[in-house]
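Participant: Once you've had a glance at the structure underneath, I'll fire off some questions.
The values are calculated or read from the model by the stated rules, or taken from the named source; none is laboratory data. A quick note: this is a predicted structure, and the numbers were derived from the prediction, not measured. Cβ: placed from backbone, ideal geometry, glycine included. Neighbour counts: every protein chain shown. The protein model used for the area step is the full one, side chains on, heavy atoms only, and it has no ligands, DNA or RNA in it. Shrake-Rupley method; radii C 1.70, N 1.55, O 1.52, S 1.80 Å.
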Amino acid sequence: MTKHEDHLLQRYLGDVRALPHIPGDALARLLTKARDGDEDAEQQVLESLLEATAVLTRHLAPARMRPLDAIQEANLVLMQLVRDPRVEIPLLR
């Protein structure tokens, strides 16, 4: 990873750490609203889960993949999971 890529990664991680953390019970309620079409609720759910997604991605992504690319791909999957009512999100248990 180049110095520039590392700088961008650290900046992204700092930005997502600064987003509000929503406790599980409140997040579960927001997820229900999001899945019923509430776009603001969806945005709040996504933002609340971005840090966890980034942390998991950094540990689980293949070594050949650049960290920011892996995080971007994981965020796309997160959006699909939040929108799919068939999926139970484990962090909400």
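Participant: Roughly to the nearest percent, how much of the accessible area of the chain is carbon and sulfur, given a 1.4 Å probe?
Facilitator: That share works out to 54 percent.
Participant: Still on this structure: What FRET efficiency do you get for residue 26 and residue 80 if R0 is 30 Å and r is their Cβ-Cβ distance, rounded to the nearest 0.05?
Facilitator: Calculated transfer efficiency: 0.85.
Participant: What are the extents of the Cα atoms of region 1-50 along their three principal axes, listed from largest to smallest and rounded to whole Å?
Facilitator: Computed over the Cα atoms, the extents are 42, 20, 14 Å.
Participant: Here's another thing I want to ask about it. State, to one decimal in nm², a quarter of the convex hull surface area for the C-alpha atoms of region 25-67, i.e. the direction-averaged projected area.
Facilitator: The Cα convex hull of region 25-67, projected and averaged over all directions, gives 3.6 nm².
Participant: At a Förster distance of 22 Å, what's the computed FRET efficiency of residue 17 paired with residue 88, Cβ-Cβ distance as r, to 0.05?
Facilitator: Calculated transfer efficiency: 0.30.
Participant: Per residue and in Å³, how big is the convex hull formed by the alpha-carbon atoms of the chain?
Facilitator: Once divided by residue count, the hull of the chain is 92 Å³.
Participant: Same structure, new question: How big is D, in µm² s⁻¹, for region 39-93 by Stokes-Einstein at 20 °C and 1.002 mPa s if Rh is the Kirkwood radius over C-alpha pairs?
Facilitator: Approximately 181 µm²/s, per Stokes-Einstein.
Participant: How much area per residue is accessible in the chain when the probe is 1.4 Å and only protein heavy atoms are counted (Å²)?
Facilitator: Here the residues of the chain average 71 Å² of exposed surface.
Participant: For residue 55 and residue 68, compute 0.36 nm times the residue count separating them, minus their Cα-Cα distance, and round to one decimal in nm.
Facilitator: Roughly 3.5 nm would be gained on extension.
Participant: Which whole-number percent gives the relative contact order of the chain, counting Cα pairs below 8 Å spaced six or more residues apart?
Facilitator: About 31 percent, as a whole number.
Participant: Of the GluC sites (Glu not before Pro) in the chain, which ones lie in a loop per DSSP and count no more than 15 other C-beta atoms within 10 Å?
Facilitator: In loop regions of the chain (DSSP not H, G, I, E or B), the sparsely surrounded GluC sites (Glu not before Pro) are 88.
Participant: As I understand it, the dipole of the chain uses +1 on the Cβ of Lys and Arg and -1 on the Cβ of Asp and Glu, about the Cα centre. Which of 50, 61, 9 lies farthest toward its positive end?
Facilitator: 61
Participant: Shifting gears a bit: Where nothing but the Cβ of Lys and Arg (+1) and of Asp and Glu (-1) is charged, how large is the charge dipole of the chain around its Cα centre, in debye to the nearest 20?
Facilitator: So the dipole magnitude of the chain works out to roughly 340 debye.
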